[in-house]
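Beneath this line is the structure, given in structure tokens, with notes to follow.
Read-outs throughout are calculated quantities, based only on the coordinates presented, and are distinct from any laboratory measurement. Quick caveat, the model's predicted, so the values are computed rather than measured. Here the Cβ positions follow ideal geometry from the backbone for every residue, glycine too, while neighbour counts run over all protein chains shown.
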Amino acid sequence: MLSVITVIGNSKLPSGELVDLKVLDGVVVEHLSPGKTKVDIDLGGQLVVPAFCDPHAHLDKALTADIITNERGDLEGAIRAWQSRYGDRTEEEIYQRSRKVLRMALANGTLSVRTHVDVGANAGLVAVDALCRLREELSGLIDLQIVALVATPISGQEGKENRKSLQKAIERGVDVVGGCPHLDSDPEKAIAVAIDAALEAQLPLDLHMDETLDPAMLSVVVLGRAVLEKGFNQAVTASHCVSLSVLEPKRQRSIASLLKEASINVVSLPQTNLFLQARDRPTAPPRGITPISLLRDEGVVVGAGGDNVQDPFNTMGRADALETAALAVVASHQSVESGLDLVTDSSRIVMGLPLCGYKLGLKASLVAAPVSTVRELIATAPTDRVVIRDGEVVVRTTSVTEMIRDF
Ligand SMILES: [Zn+2]
């Protein structure tokens, strides 16, 4: 097979250096001084960063905020409102909404998405079918991973039908086993069931963990111990970890070190947590966001995702990783470098994907935008972006503003 060389010219790196990126078969092989060679893609000095990665979405729920209302505004209200409309869903309409959100995400520079999809006795497998169809269609453009978000309970006799649905979803070809143990009548048993199902199928595990401000709900500790005891050999992700945020630092650190020992990665989901949590706390409401810095200090890999996009769980959201990064900076007090890392490198590690970007030896999957620094990129989230996958432009957005009355 003939090798393909592409030169992505006048690329401004976050360090401020201006380079031409020489790309061989999709991989960055050399940083050249501009003007030395003919360029194939001229970025004209735009800033380049690695393509974005969203390790936690709910595509099957997205864009329903105008038709399904969460009266209470909290997690329980969202679940009730959402599940009351299960009968209205069809594979086609889930497919269409999911596709629309993925097109928004792609235009914003996201090339990899892990989506949880509802599975269960009542939910059926309709969302799995819709997303499997999209996963196949988008192969080579967006890396889409499907998590079977099995309904609760999955423990005990009453969990029998949901367990059956999980098995069927695994047979349909989901990539990851999911669930919400903290909502189960027996969280410990629910974790054991999920681990056993993932072990048997040899699939990674990604569980919603402790999406509550109740400090007594710490199923993440049960997960850490169970992963170590069972010698689980697949990747494990704990998403949310909200209750961890309200513990004393000493207890937080001991749990973080357990997660590190068990090689459990964590995904922070600032927007949905800010939307759903602490609605019953009129005074000094806690933010309810994963303690990112503390976990990272203990060596835990932490990524960040968009979670819900305009649905009963979060009526805002625009499928833009820069929105998540900005919230990490503002609401979780992360540096801009950390904000970017949360939605790029660390999230790719969570998804088990190789890193990408402008560095030598990496796949040249990039986002370019007309800004000077990473801070400006996150702060302004410009509409105009060039999205490059493996050295090839896949989206180019150019907007026009007419200042009719300028000053
Ligand atoms: Zn979620």
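Work out the charge dipole of the chain with +1 on the Cβ of Lys and Arg and -1 on the Cβ of Asp and Glu about the Cα centre, then indicate which of Gly159, Ile5, Asn265 is farthest towards its positive end. Of the listed residues, the answer is Ile5.
Within the listed set Asn108, Asn122, Asn314, the Gaussian network model of the chain (springs between alpha-carbon atoms below 10 Å) gives the highest mean-square fluctuation for Asn122. With respect to the chain, whose longest principal axis is taken over its alpha-carbon atoms, helix 187-201 is tilted by about 60°.
The charge dipole of the range 108-192, taken about the Cα centre with unit charges on the Cβ atoms of Lys, Arg (+1) and Asp, Glu (-1), comes to about 120 debye, rounded to the nearest 20.
Give the angle, between 0 and 90 degrees and rounded to the nearest 10, that separates the Cα long axis of helix 91-108 from the longest principal axis of the Cα atoms of the chain. Rounded to the nearest ten degrees, it is 40.
In this simple spin-label model, placing a label point 7 Å from the Cα along the Cα-to-Cβ direction at both Gln157 and Glu188 gives a separation of 2.1 nm.
By the helix-only formula, in which each DSSP H run with n ≥ 4 contributes -39500 (n - 2.57) and the sum is divided by residues, the chain has a 222 nm mean residue ellipticity of -10000 deg cm²/dmol. Take the Kirkwood radius over Cα pairs of the range 1-138, plug it into Stokes-Einstein at 4 °C and 1.567 mPa s, and you get 71 µm²/s for translational diffusion. With θ taken as phi - 60° and the Karplus curve 6.51 cos²θ - 1.76 cosθ + 1.60 applied, the whole-hertz 3J(HN,Hα) list for the range 261-270 is 4, 8, 6, 8, 8, 10, 10, 8, 10, x Hz, x standing for glycine and proline. Bridging of Lys38 to lysines at a Cα separation below 25 Å is possible for Lys12, Lys22, Lys359, Lys363, once same-chain residues fewer than 8 apart are set aside.
The magnitude of the dipole of the range 301-385, with charges of +1 and -1 set on the Cβ of Lys/Arg and Asp/Glu and taken from the Cα centre, is near 260 debye. For the range 144-293, the number of Lys pairs with C-alpha atoms closer than 17 Å, counting only pairs eight or more positions apart or on separate chains, is 6.
Compared with the dominant principal axis of the Cα atoms in the chain, helix 321-331 is inclined by about 70°. Working note: Debye formula, equal point scatterers on the alpha-carbon atoms of the chain, no solvent; log10 I(q)/I(0) at q = 0.07, 0.14 Å⁻¹ is -0.33, -1.24. About its Cα centre, the dipole of the chain is roughly 320 debye, where the only charges are +1 on Lys and Arg Cβ and -1 on Asp and Glu Cβ. State the answer as a single residue: which of Gln252, Leu63, Asn122 lies farthest towards the positive end of the charge dipole of the range 52-350, with beta carbon charges of +1 for Lys and Arg and -1 for Asp and Glu, about the Cα centre. Among Gln252, Leu63, Asn122, the one farthest towards the positive end of the dipole of the range 52-350 is Gln252. If you average the alpha carbon positions of the range 214-261 and of the range 45-100, how far apart do those two centres end up, in angstrom? For the range 214-261 versus the range 45-100, the Cα centre distance is 27 Å. Return the whole-Å distance between the Cα centroid of the range 121-174 and the Cα centroid of the range 369-389. Result: 35 Å between the Cα centres. With unit charges on the beta carbons (Lys and Arg positive, Asp and Glu negative) and the dipole taken about the Cα centre of the chain, which residue among Met209, Pro382, Phe232 sits farthest to the positive side? It is Pro382.
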